[in-house]
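Worksheet: one structure, shown below.
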């Protein structure tokens, strides 16, 4: 696997370091930011173009579609933390037979993947609650969402239109260096009502880097076909890759 990395934040830089520990990585080309490879090993090189690489990965959400266009033109798969991309660019990946994976982050990648995977653990899903943290002032009322420690239970906004909804989504503002995601699945399993809770909590930048690195690995291993995808399209493969690179998961059921 030869990966071209366009890293403009600490998230991308950390994702690159995580990928360096993967035995399947043959080369990591630093594209557009030479400083992202300071102190790196012999697999790292500075590149001016992406020709000869298998996959381009980026955390630069300001030029997502432009980078995706470069990848499509050179026949590379493309992975991004961004969850929005121009429609005309996605068509080029279908035509080229290459993979475009967007939303490799906590909110639109990891959290929905956890929900999709956990929903398969019960016979009938009655309701799912998906929550993730965002930087901000903590709320003092709403609905309580349980996150693993050190985040712990937090208040999320209580939206009236979500009260009776089968699928609920919550942004949970918190302060500090930690981030997390929690999924609650209420359902029927073997004739009994059950509630399954699964959650993750980690340093904000490290958790985001794990989400990005896991997406790269899953794409490199062929988990996603040509065209546009999100991590939750293949939740098992994506979460397996995330666990492999160090994601810690807490579960609870009753």
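If both residues of a DSSP beta bridge must be in segment 107-203, then about 75% of such bridges are antiparallel. Residue-normalised convex hull volume from the C-alpha trace of segment 136-254: 147 Å³ per residue.
Stokes-Einstein D for segment 1-103 at 4 °C, 1.567 mPa s, Kirkwood Rh over Cα pairs, in µm²/s? Value of D from the Cα-based Kirkwood radius: 96 µm²/s. Peptides 85-91, 113-119, 166-172 ordered by packing proxy, namely the average of other Cβ atoms within 10 Å per residue, highest first: 113-119, 166-172, 85-91. In units of the rule-of-thumb radius 2.2 N^0.38 Å, segment 107-203 shows an alpha carbon radius of gyration of 1.07. Take the Cβ-Cβ distance between residue 134 and residue 249 as r, set R0 to 30 Å, and report the resulting FRET efficiency rounded to the nearest 0.05. Here the calculated transfer efficiency is 0.90. Would you work out if segment 73-126 is rounded, prolate or oblate? Take a ≥ b ≥ c from the square roots of the eigenvalues of the alpha-carbon gyration tensor; rounded if a/c is under 1.5, else prolate when a/b is larger than b/c, oblate otherwise. Since a/c reaches 1.5 and a/b is larger than b/c, the shape of segment 73-126 is classed as prolate.
Calculate, for residue 21 and residue 73, the FRET efficiency according to 1/(1 + (r/R0)^6) with r their C-beta to C-beta distance and R0 30 Å; round to the nearest 0.05. Efficiency at R0 = 30 Å is approximately 0.50. Against the main long axis of the alpha-carbon atoms of the chain, helix 10-20 sits at an angle near 70°. Size descriptors for segment 209-254, from the alpha-carbon set: Rg then Dmax equal 11.5, 40 Å. Convex hull volume of the C-alpha atoms in the chain, normalised per residue: 133 Å³. Between 42, 244, 121, the residue with the greatest mean-square fluctuation in the GNM of the chain (Cα pairs under 10 Å linked by springs) is 42.
No lab work stands behind these numbers, since they all come straight from the coordinates. Please read all numbers here as calculations on a predicted model, not as lab measurements. Every residue, glycine as well, gets a Cβ built from its backbone with ideal geometry; the counts of neighbours run over all protein chains shown.
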